[in-house]
Every structure is written in structure tokens, then in C-alpha cells.
1. Before I look further, what does the stretch 315-442 give for accessible area per residue, probe 1.4 Å, in whole square angstrom?
2. Could you give the length gained on full extension between residue 257 and residue 378, defined as 0.36 nm per residue of separation minus the Cα-Cα distance, in nm?
3. How far, in degrees from 0 to 90, does helix 406-416 lean away from the longest principal axis of the Cα atoms of the chain, to the nearest 10?
4. Hey, what's the Kirkwood Rh for the stretch 175-282 if you take every pair of different alpha carbons, in angstrom?
5. How much of the accessible area of the stretch 2-164, in percent, comes from carbon and sulfur atoms when a 1.4 Å probe is used?
6. Would you give the gap between the C-alpha center of the stretch 1-64 and the C-alpha center of the stretch 76-93, rounded to a whole Å?
7. Per residue, what accessible area does the stretch 2-164 have, given a 1.4 Å probe and all protein chains present, in Å²?
8. Please work out the Cα center distance from the stretch 366-411 to the stretch 178-204, rounded to the nearest Å.
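The values are calculated or read from the model by the stated rules, or taken from the named source; none is laboratory data. All figures in this text were calculated on a predicted structure; none of them were measured in a lab. Reconstructed Cβ throughout: ideal geometry from the backbone, glycine too, with neighbour counts over all protein chains shown. Just the protein is used for accessible areas: all its heavy atoms, side chains included, with ligands, DNA and RNA removed. Shrake-Rupley method; radii C 1.70, N 1.55, O 1.52, S 1.80 Å.
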Amino acid sequence: MKKEKLEIIYSLGVILVIPALVALNTILLVRSTRSAFNSELRRKADLVNAVIAEAAKTEVALGNFQELDAKLQKLEESQPAITATSIIREESGKLVIVASSKSASQELDASTELQVKIASERRLPIAKFVNIRNDGQLAQAWNVATPAIDETGNVIAVVSSTILTTDAEEAIDKAFTTSFIVLLVSIVVIIVLLFRHFKLVGNIRLLARQKEINQTMSDFLSVATHELKAPTSIIKGYISNVMDGTFGPINEQIDNQLKTALSQTDRLNGLVQDLLNVSRIEQGRVAYNMTAVDSTKLLVMIIDNYKVFAADKSLELKLETTDTMPLLKCDEGRLQEIFTNLIDNAIKYTKEGSVTITQKAETDSVVTTIKDTGFGMSPDARKRLFQRFYRVQTENTKGISGTGLGLWIIKQYIEAMGGTIEVESMEGVGSEFIVSMPLSKD
Ligand SMILES: Nc1ncnc2c1ncn2[C@@H]1O[C@H](COP(=O)(O)OP(=O)(O)OP(=O)(O)O)[C@@H](O)[C@H]1O
Ligand SMILES: [Mg+2]
């Protein structure tokens, strides 16, 4: 019990841990990709600004600010991602915008002023990531301030511009949405697969346990039936001896009692024999001595044995076949058991009418049909007919004794010898058992 509990906890653990690990992996991957992408965008923004700074240097030195204005404007028009570019210079200790593109503010805000000052002091580009409004829409961008340094090493101006990352962000978002969808689907699939896996493992264990139980049952059956066989034979022997008058004469009353005892011992013997057969089949201990068998001859003999039984019930028992029926390849003893069982059933479960056995030769088999005008059975009963211990429970079958093993046993024999058995039946009309056995090729 403790072991099973631990196994359930382990299974649930695996079911939770594996998808969680997959999710964590995707989230970390998404995060690191986003950050790598961001650094790359920043590097690009730095590069763009450095190019502008380099290009603006001569114009700033010459004081051609109007021309610079026009150039920055042109740049903004042709490259919409580069916006709000201004060239800022220190004049009399104050920072002044000397040229700018159209979208740039003419006033320096505190944050940009600080950024420009730091860039100028450190002589390095300074970037900050900002959320801005572009064409009325919220957008993300890199705000970069890049110093323009002349040949003598002086910072002559600082270029400030805003490089929009909208397009790249959109692409990243799209990729991430796709990966999250894939992640979700994978998690669902993993959970389903894991559930199925654990169910499968459970089923395999159950099957192994079932096999163990079956083996124990089979062993028990084998020992019990062997032990039962000897005493029943001895009892039968003693009853026969008493009936034969071996121990002195007996009166009619005792004779009648002994007859009942003998028939009940026969019944017990039949049961022991059936159980022995089941045990042999299950343990694969049935030997089949396959020879060429004359099935017609066998049927004539069996029918002869059953004549009295059929006549007792006023049933017509007939065989429709030819003397030239081809030989079958099978074990003669088993085939006798098969036909005996089916004819026994046909007579046993028929109140009036007839039992007809017909034979027909096919290309590679002989089909023997045992047809009766008996109780028949429901479609549901027909489906369960070949199960072990199954007996049809109706008013008609109430007083008829049997173990429900006969049909199961003969089906195993038939199939082991390469044949088939089928049944057709209708309640209140009768049944038909069709046995097809392969021909002997000799
Ligand atoms: N010809 C038949 N007509 C109607 N019912 C049948 C017929 N043959 C078999 N059955 C039904 O199928 C059940 C199973 O048959 P099966 O021969 O396996 O067992 P059984 O006759 O009860 O016992 P036994 O093992 O002694 O033969 C029977 O109990 C009976 O209800
Ligand atoms: Mg039977």
C-alpha cells in the first residue's frame, strides 16, 4: 500500500515536473533572446548615431546649420525609424540646439540635457531605452546621445536622436507568441502522454499480477483434479462391484439407489475430466497426434452411442454424409471429443424434434454441421457461449446439469488443430454448430 502511494506521488511529481521544466526552459530562452535582441538594437542605434555625428562634424565646424537642418530632415523622411534628431552644442556654457529634424523638440528637456552632458563629458555615446508617442501610438525606442569629436579631440557637438525599435519589437512579439502557443500545446501533449504512460505501466503491472494469479489457479486446478480422479474411480469401482453382486445379492431398492450413486459418480468424473482438460490446455500440456482421420466413421460410432439417449427423449438423430468424405488431418481422440460434446449438447438442450449432423467437403476442409431443433439462445448468450463456465440460464436449462466447460475445451482443440467453430442460433427455434477442419494432404 505504502509502495503504491509512493508510486502515485512519483507519477504526479513527474507529470508536474516535466511540463514545468519545459515551461521554464521556454521562458528563460524567451528572456535571454529578448535581451540579446535588445542589445543588438542598441548597438545598431549607436552605429546610426555615430554615422550621423561623423557626417555632421564638418557642417558644425563650418556653422552650416541650415544645411544641416535640411539634411536631418531628409534623413528623417527617408528613414522613419530615425526620428527627433538634433545637434546640440555648448555655447557660452549653455547647451543649445543648433540643428534638428522636424519631429525633434526645439526645447531641451532635463533628461536629454543630462544625457548630452554625460556623453560630452565621457566622450562616449549614452543610450537610454524609452517609451514614446510616435504618430499617436505608444512605441519603444533607443534615445542615443553621441559626441562628435574633431581631429584635435574636442567634442564639437552632441548628436541626439531617437531610433524606433517598433518593427523589431513587433517581430519579436510575434515570434514569442508563437513559441508560447507551441509551449502550451507541448505541455498539453506531454501531460496526456505522461498520463497514458503511467496508465500503461499500471496496466502492465496488473497484467503481470493477473498472470501470477492465473498460474496459481491453474496449478491448484491441476493438483486438485489429479487428487479427485483416483477416489472417484475407486468409488465407481466399488459401486459397480456391489451392483454386480460381487459381495452378495442385492435387492431392487438398493440397486436403484446404487444406480443413482453411479450416475452421480459419472457426473463427478465428467467434471474432474473437464477440469483436467482445462488445466492441461492452460499449461500447454495437450499433445496432438495428427494423423489422417475418417471423420464420417467417427460420427457413425458416436451417433450409435447416443442413439439410446436420443430415443429416450423421442428425438430423431440422423447423419447426412457420404462414404467418400475426404480424410481430415487431426488428432482422432480430440476430434471424437469435439463431436461427442456437440452431439451431447444438441440432444441435451433439445426437448423435441431432431438432431441432424451433415457433412460437406470443401476445397481444403470438411464442414460438419450439428443442427438441432432445441431451445436455441439469445444473441447475447451466443456471444458468451465459448467462455469458460458459461451456461445459459433460462427456464428451459434450469434442471440440466453441466459445467459450462465443454464448448470452451473443444474450441481450444479445434483451433489448435487449425480448424474453426461457429454458431448460429435462434431462441425457441434451434441451434447450429459449424465445425470446419482441414483436410489431410497425405
Ligand atoms: N445445442 C445447444 N442448444 C442450446 N444451448 C446450448 C447448446 N449447446 C450449448 N448450449 C448452451 O451453452 C452452454 C455451454 O455449453 P457447454 O457444452 O460448454 O457446457 P455444458 O453443456 O453446460 O456442460 P459440459 O461441460 O458438461 O458440456 C450450455 O450450458 C447451454 O446453455
Ligand atoms: Mg456440453
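1. Details: 6440 Å² over 128 residues.
Here the per-residue accessible area is 50 Å².
2. On the way: separation 121, 0.36 × 121 = 43.56 nm, distance 3.83 nm.
Gain on stretching residue 257 to residue 378: 39.7 nm.
3. Roughly 70 degrees between the two axes.
4. Numbers: mean 1/r = 0.0516 Å⁻¹.
After inverting the pairwise mean of 1/r, the radius is 19.4 Å.
5. Working: 5840 of 10050 Å².
C and S atoms contribute 58 percent here.
6. 31
7. Result: 62 Å² of accessible area for each residue.
8. When both Cα centres are located, 46 Å separates them.
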